[in-house]
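Visitor: Below is one structure. I have some questions about it.
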Amino acid sequence: MELHEYAAYDAVGLAGLVARGEVTSAELVRAAQAATAAVNPRINAVVESWPAEDSPTPGGTPLAGVPFLIKDIAVSMRGKRVELGSRLAAGNVAAADSFLMRRFRRAGLVTLGRTATPEFAYSTTTEPVLYGPTRNPWDPTRTPGGSSGGSAAAVAAGITPLAHATDAAGSIRVPAASTGLFGLKPTRGRVSLGPDADEVFNGLAVHGALSRTVRDSAALLDLIQGPETGDPYFAERPRRPYLEEITQEPGRLRVGLVTTPGNGRAVEPAVLKATLAAARLLESLGHRVDVTTVDLGVSWEEFVLANARLWSANLVTWIDGFAATSGRPVDGSTLEPETLTSYRWGLGVSGAQFVHALDVRNRVARSIGAHFETQDLVLTPTLPEAPVPLGTYGQGAEDADGLGRLEHLFRRSPFTAAFNVAGTPAMSVPLASDPATGLPIGVQFAAGQGREDTLFRLAAQLERAAPWRDRRPPVWAGAARQA
């Protein structure tokens, strides 16, 4: 299979070829490896590749036989390194598959490597010291977002049609918006984080994927959703498979439009224009759109402080654990300056402050949940700006403490984190591009608890009305020819 043929298909399409005997999974693997060789040196998205372990039975699932990549954090593949983008964890090898990895295997996906993440996934850009910055296929001088920036860059450049991702404050939606992909953050508890964790960031983080088509994300979530033994809670099972939901019309939805984030940051004109155009598109499809506000239930300052306490306290336990296992010191030789600063700030978070942060999480979840009693969806920009040049995130953050670090990150991505704290699903849809630069622009839709079905139905409707699948970045595996 030639690269231009391989890259033209989404994952469901490739699996269909395998099921019909038109190609073998081994041929797809060779194409993915050739795609990696062709474009990865220019974007640094895949930090480690390995030979295929499995030969899935053709036709076993809608994704059987498809090449796949996992993010270098939160999912463990037996015998493979998981380093969390950090020198502190360099060389760490997983002793067993995590629950999610088992589901990837049962789905028939052929996992060929791991993708870049910022250190401990603690940023919405992907510029770790351990492996160097990941570059955006649309403009290699710019960030692909984070923390799932490696997965996003790999999928956007055509290395694999979809890839694993995680999201604790926007880490699926931010890179989706930055690289022109579809990315859906599931409801809290939809996908198991076990067995090594019951929660990550106290319920703020979830597993998901980045893809070029809505049906790929729907198919994968069907295959990985549902509880595992010992999970502390789980989302109610969907009424029918998400692959069926995308064939259904969404009905007339009530959509609230928000263009000003909680911190009051101005949105760039091109992003605002794209968001308003999305609102008009919704209206043309029969939906009702009204300007609204989303009440967090707390002030923006209290919201950021609570997140900083939860994030940094969790970071302390991770860093101490890896330091004890590796025997390495916790200092500037093993950690990046921003991570070390957040760690030191986290050491000062008291038990009472941590419990108060959990109370803020509860108040935010109740307040946002109440909003969805009167509206089906909220529409916002995913990001207030186009993907920024690499190195931008470090500017002005040199002297910040742990709280200042979160303030800095949330200033860059002020629309996404509230739905992590609330635990509700949200997605970024690549509906627009900046006419001046050609860079992609994503718009965010958020729904109430457990309503991925509504999001998928709307996403499929938008994909039909304003297709994005054929947009190609300058760095694209399909443009290369195999030797």
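The values are calculated or read from the model by the stated rules, or taken from the named source; none is laboratory data. Note that the structure is a prediction, hence the values are computed from the model and not measured. Please note: Cβ atoms are built from the backbone with ideal geometry, for glycine as well, and neighbour counts cover all protein chains shown.
Visitor: I need the full set of residues from segment 117-142 which are part of a loop (DSSP other than H, G, I, E, B) and under 17 Å from Arg412 (Cα atoms), in order please.
Guide: Residues satisfying the conditions are Pro118, Tyr122, Ser123, Thr124, Thr125, Thr126, Glu127.
Visitor: Can we say Leu193 is touching a strand residue (DSSP E or B) at 6+ places or on another chain (Cβ under 6 Å) and either outside any strand (DSSP E or B) or under 20 Å from Thr61 (Cβ atoms) (or both)?
Guide: In short, no.
Visitor: Further, regarding this structure: Out of the residues in segment 241-268 that are in contact (Cβ under 8 Å) with a residue 60 or more places away in the chain and of a type in the set (Lys, Arg), which is nearest to His408 (Cα to Cα)?
Guide: Restricting to residues being in contact (Cβ under 8 Å) with a residue 60 or more places away in the chain and of a type in the set (Lys, Arg), the top hit is Arg265.
Visitor: Restrict the check to segment 266-274 and report whether at least one residue is in contact with a strand residue (DSSP E or B) (Cβ under 7 Å, 6 or more places away or on another chain), part of a loop (DSSP other than H, G, I, E, B) and more than 21 Å from Leu455 (Cβ to Cβ).
Guide: Taking every residue of segment 266-274 in turn, at least one turns out to be in contact with a strand residue (DSSP E or B) (Cβ under 7 Å, 6 or more places away or on another chain), part of a loop (DSSP other than H, G, I, E, B) and more than 21 Å from Leu455 (Cβ to Cβ).
Visitor: Looking at the structure I just gave you, is Asp359 crowded, with 21+ Cβ neighbours inside 10 Å and among the acidic types (Asp, Glu)?
Guide: no
Visitor: Now, a different point. Give segment 265-297 a look and list any residue that's over 26 Å from the mean Cα position of the chain (by Cα) and of a type in the set (A, V, I, L, M), or say none.
Guide: Residues satisfying the conditions are Leu285, Val289, Val291.
Visitor: Do we find a residue being part of a loop (DSSP other than H, G, I, E, B) and crowded, with 21+ Cβ neighbours inside 10 Å anywhere in segment 15-22?
Guide: No: zero hits.
Visitor: Would you pick out the residues in segment 438-482 that are in a loop (DSSP other than H, G, I, E, B) and modelled with pLDDT under 95?
Guide: Result: Arg469, Asp470, Ala480, Arg481, Gln482.
Visitor: Same structure again: Could you please find all residues in segment 313-340 being more than 25 Å from the chain's Cα centre (by Cα), over 18 Å from Ile73 (Cα atoms) and either among the small types (Gly, Ala, Ser) or crowded, with 20+ Cβ neighbours inside 10 Å (or both)?
Guide: Ala324, Gly327, Gly332, Ser333
Visitor: Look at segment 419-454 and say how many of its residues are among the aromatic types (Phe, Trp, Tyr) and either within 24 Å of Pro140 (Cβ to Cβ) or in contact with a Leu (Cβ under 8 Å, 6 or more places away or on another chain) (or both).
Guide: 1
Visitor: Quick one: count up the residues across segment 244-256 that are surrounded by 19 or more Cβ atoms within 10 Å (Cβ to Cβ) and either touching a strand residue (DSSP E or B) at 6+ places or on another chain (Cβ under 8 Å) or in a helix (DSSP H, G or I) (or both).
Guide: Residues flagged as surrounded by 19 or more Cβ atoms within 10 Å (Cβ to Cβ) and either touching a strand residue (DSSP E or B) at 6+ places or on another chain (Cβ under 8 Å) or in a helix (DSSP H, G or I) (or both) within segment 244-256 amount to 4.
Visitor: Could you go through segment 325-334 and let me know if any residue there is of a type outside the set (D, E, K, R), part of a helix (DSSP H, G or I) and touching a residue at least 60 places away in the same chain (Cβ under 8 Å).
Guide: yes
Visitor: Moving on. What do you reckon, is Glu407 touching a helix residue (DSSP H, G or I) at 6+ places or on another chain (Cβ under 9 Å), in a helix (DSSP H, G or I) and more than 22 Å from Arg361 (Cα to Cα)?
Guide: Against the criterion (touching a helix residue (DSSP H, G or I) at 6+ places or on another chain (Cβ under 9 Å), in a helix (DSSP H, G or I) and more than 22 Å from Arg361 (Cα to Cα)), Glu407 does not qualify.
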